[in-house]
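One structure, as structure tokens, below. Some questions next.
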Amino acid sequence: IGNKVSSFSDIAEYNKSFGQTGSLALIAGYGTEKIQLPGFTNIGTGQTAGLRYDYTSPKFIARTTNNITTRDFPGLERGVKRSSNEIRYLLKNYFAGAVADHNERSVSTVDSSQLIYLFGGKTSEYGLRAGFNKDRNNITLTASIVDQLQDSVTSILFRSHKLNLNTGLAISKAVTSSLSGSLVKSFTLDNTNSKSFYAMNAFGSIQTKG
């Protein structure tokens with residue numbers, strides 16, 4: 001109210017199951033937004049569309065989630081294109097497969113250059129994933145390549161080689177532990193002679209009942 005912004009949006013979702021193995025969701029929406037600033041008034045209309053599919057069988061798991069929202073659709077998801085995909089081959093308690101993700105945001109013309117600097121850009125990641133699952137114990141290792149446009153002002157494109165490890169282990173009936181860590185080697189793509197740099201982070205926790 002203080003910024004004199006009014007909007008309306010309507011989103012419909014259709015879901016269908018395919019027995020015990022698959023499920024499909026189709027999403028579509030429409031929205032309008034009116035922004036009144038000193039000396040400036042903008043009335044925009046936008047759309048959003050999405051597709052989600054999950055497949056699970058004793059040997060394979062496949063998941064894909066895709067969504068695209070135009071720049072004038074009201075809300076925080078404006079201008080976002082997002083795709084997340086994974087396929088796994090299962091062998092008893094082990095699995096191996098591939099992942100591919102993409103996230104891109106374009107900010108509407110009525111947003112400030114500061115918002116474009118903070119939220120603009122795009123990231124793509126693709127790689128291989130393997131792991132182990134049994135009862136309360138799980139280990140997942142992912143090796144991937146990440147291409148990231150840092151922002152929409154300088155347009156510096158970085159490539160990273162990333163290794164990520166996630167674990168959840170049961171120490172006893174009442175105590176469990178988790179560990180997440182990654183090692184990344186990054187360099188700019190526009191300058192092949194640029195020096196690469198490394199980044200590492202790790203986080204662990206221990207939980208007990210209560």
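Which ones in segment 28-53 are closer than 14 Å to residue 70 by Cβ, of a type in the set (Val, Ile, Thr) and surrounded by 15 or more Cβ atoms within 10 Å (Cβ to Cβ)?
Correct list: 32, 48.
Moving to a separate point now. Does segment 174-210 hold any residues that are farther than 27 Å from residue 141 by Cβ and either of a type in the set (D, E, K, R) or in contact with a Lys or Arg (Cβ under 6 Å, 6 or more places away or on another chain) (or both), and which are they?
174, 190, 195, 209
Can you name the residue in segment 12-26 that is in contact with a Phe, Trp or Tyr (Cβ under 8 Å, 6 or more places away or on another chain) and of a type in the set (A, V, I, L, M) and, of all such residues, is most open to solvent (accessible area, probe 1.4 Å)?
Across segment 12-26, the extreme among qualifying residues is 26.
Please specify each residue of segment 60-75 satisfying the condition of being aromatic (Phe, Trp, Tyr) and more than 30 Å from residue 131 (Cα to Cα).
Going through segment 60-75, the residues aromatic (Phe, Trp, Tyr) turn out to be 60, 73.
Listed by number, the list holds a single entry, 73.
Still on this structure, please answer the following. For residue 92, state whether it is open to solvent by 80 Å² or more (accessible area, probe 1.4 Å), closer than 30 Å to residue 132 by Cα and free of Cβ contacts under 8 Å to residues at least 12 places away in the same chain. Show your work before the answer.
Details: open to solvent by 80 Å² or more (accessible area, probe 1.4 Å): yes; closer than 30 Å to residue 132 by Cα: yes; free of Cβ contacts under 8 Å to residues at least 12 places away in the same chain: yes.
Yes: the conditions hold for residue 92.
Okay, moving on. Just give me the residues in segment 19-58 being basic (Lys, Arg) and either modelled with pLDDT under 90 or in contact with a Pro (Cβ under 8 Å, 6 or more places away or on another chain) (or both), in sequence order. Don't jump to the end; show me each part of the working.
Keep residues of segment 19-58 that are basic (Lys, Arg), which gives 34, 52.
If the condition is that a residue be basic (Lys, Arg) and either modelled with pLDDT under 90 or in contact with a Pro (Cβ under 8 Å, 6 or more places away or on another chain) (or both), then 34 is the only one that fits.
Applying the selection to segment 103-128, what residues are open to solvent by 60 Å² or more (accessible area, probe 1.4 Å), modelled with pLDDT of 90 or more and touching a Lys or Arg at 6+ places or on another chain (Cβ under 9 Å)?
The answer is 103, and nothing else.
The values are calculated or read from the model by the stated rules, or taken from the named source; none is laboratory data. Every value quoted in this text rests on a predicted model; they were computed, and no experiment measured them. Please note: Cβ atoms are built from the backbone with ideal geometry, for glycine as well, and neighbour counts cover all protein chains shown. All accessible areas refer to the heavy atoms of the entire protein, side chains included, with ligands and DNA or RNA removed. Shrake-Rupley method; radii C 1.70, N 1.55, O 1.52, S 1.80 Å.
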